[in-house]
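Working notes, structure below.
Read-outs: derived from the displayed coordinates by stated rules, not from any lab. Treat the numbers as computed from the prediction; the structure is a model and nothing was measured. Here the Cβ positions follow ideal geometry from the backbone for every residue, glycine too, while neighbour counts run over all protein chains shown.
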Amino acid sequence: MIRRFAFATAILAAVAFSLAGCGGSSDKDDSSSGSGGSQSSGQVAVPGDAPYSDVIAKAGFKPILFTRFPAQKPGRKATIVVYRDKSDKDKGGVLYLQGNTVDDASLSWHWYFENGAPDSIRAAELNGDGLWDVVVHLADGKTVDLIQETDFTLMGNQRDDLIALNAASSQPEGLWKCFDGDTATFWSAGGAEGYVEVSTPLGVSDGILIIRLSPDANKQKCEVFADGKKVQEIELESTDLEQRIQLDDGVKRAGKIKLEIKGDGAGISELAIR
């Protein structure tokens, strides 16, 4: 009995440390659940009531976890939704929502796993910089460590698209700057040309590209690929202002959308595909 009590105490202490220990979280009051109800912190709400549950189901996935999560921005409340493939294949993702209250929280971060079924996620301070990093626990017992402002950011604004932000690119370093909501930071291809390829596991509703180029970008061509097939070639203006472009309908059916930028000084400060 003493051994079991000690083991349970150790588990509770580890959980408390991971959620309330170090890290730059400003979310001091985690007393309510992700559903906005009165469940205690860490309790799982009914997955069917999770935000985006209809979109998740339509895309062939199922929500398995919906609960409160430490918020990175001051004064904000945050929740997370973990989803998996309905047929229990090894794929799924994590949605991070934030807002002034739990009830008005909306999506600001989406991470997708093509070769792993996420089981849960916890906040952890992994590198001592005062920002929340995350540890994703997969169904096979493995974990994935993600470092904020190296791999991703929780500081981004609410998004009006659903693309996964762990994109592939010709230059992976600094790619998170395309999705941080800060137009003063940008990803650079590191040469004359480059590409960014995003996964769209939850689909694309309108097929509208929303893009801002880096401040020194020249007028450039952009070739659009849907699941590896070229469907369009568009002209990007020489401006760092927001550009909205209607893409070919082929992107609405694609699991991956690739943008190949042709021209000197390829760089993107913000990117979304709605």
*Among the strands (runs of 3 or more DSSP E) contained in segment 149-237, which hold 1 or more residues that are over 19 Å from residue 274 (Cβ atoms)?*
194-199, 220-226, 229-236
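Could you grab me the full set of residues in segment 95-142 that are over 22 Å from residue 168 (Cβ atoms), in a strand (DSSP E or B) and either without any contact (Cβ under 8 Å) to a residue 12 or more places away in the chain or charged (D, E, K, R) (or both)?
Passing the criteria: 119, 122.
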*Could you look through segment 245-268, keep only residues that are in contact with a Leu (Cβ under 7 Å, 6 or more places away or on another chain) and not β-branched (Val, Ile, Thr), and pick out the one that is farthest from residue 93 (Cα to Cα)?*
267
*Only one of 237, 233, 270 is among the acidic types (Asp, Glu) and either in contact (Cβ under 8 Å) with a residue 60 or more places away in the chain or touching a Phe, Trp or Tyr at 6+ places or on another chain (Cβ under 9 Å) (or both); which?*
270
*Any chance residue 144 is more than 20 Å from residue 117 (Cα to Cα) and either surrounded by 18 or more Cβ atoms within 10 Å (Cβ to Cβ) or of a type in the set (Val, Ile, Thr) (or both)*: no
_Matching entry among 77, 62, 73, 89 (being in contact (Cβ under 8 Å) with a residue 60 or more places away in the chain and not hydroxyl-bearing (Ser, Thr, Tyr))_ = 73
*If you go through segment 50-67 one residue at a time, how many are part of a helix (DSSP H, G or I) and of a type in the set (D, E, K, R)?*
2
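Could you please find all residues in segment 151-178 being polar (S, T, N, Q) and surrounded by fewer than 15 Cβ atoms within 10 Å (Cβ to Cβ)? Reasoning before the result, please.
In the first step, residues of segment 151-178 are kept if they are polar (S, T, N, Q); the result is 153, 157-158, 166, 169-171.
Hits for segment 151-178 are 157, 158.
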*Of all the residues that make up segment 238-274, how many are closer than 26 Å to residue 108 by Cβ, of a type outside the set (Ser, Thr, Tyr) and in a strand (DSSP E or B)?*
15
*How about segment 258-274: which of its residues are within 14 Å of residue 230 (Cα to Cα) and buried (at least 20 other Cβ atoms within 10 Å of the Cβ)?*
258, 259, 261
*Out of (1) more than 21 Å from residue 262 (Cα to Cα); (2) within 16 Å of the chain's Cα centre (by Cα), the odd one out for residue 126 is which?*
(2)
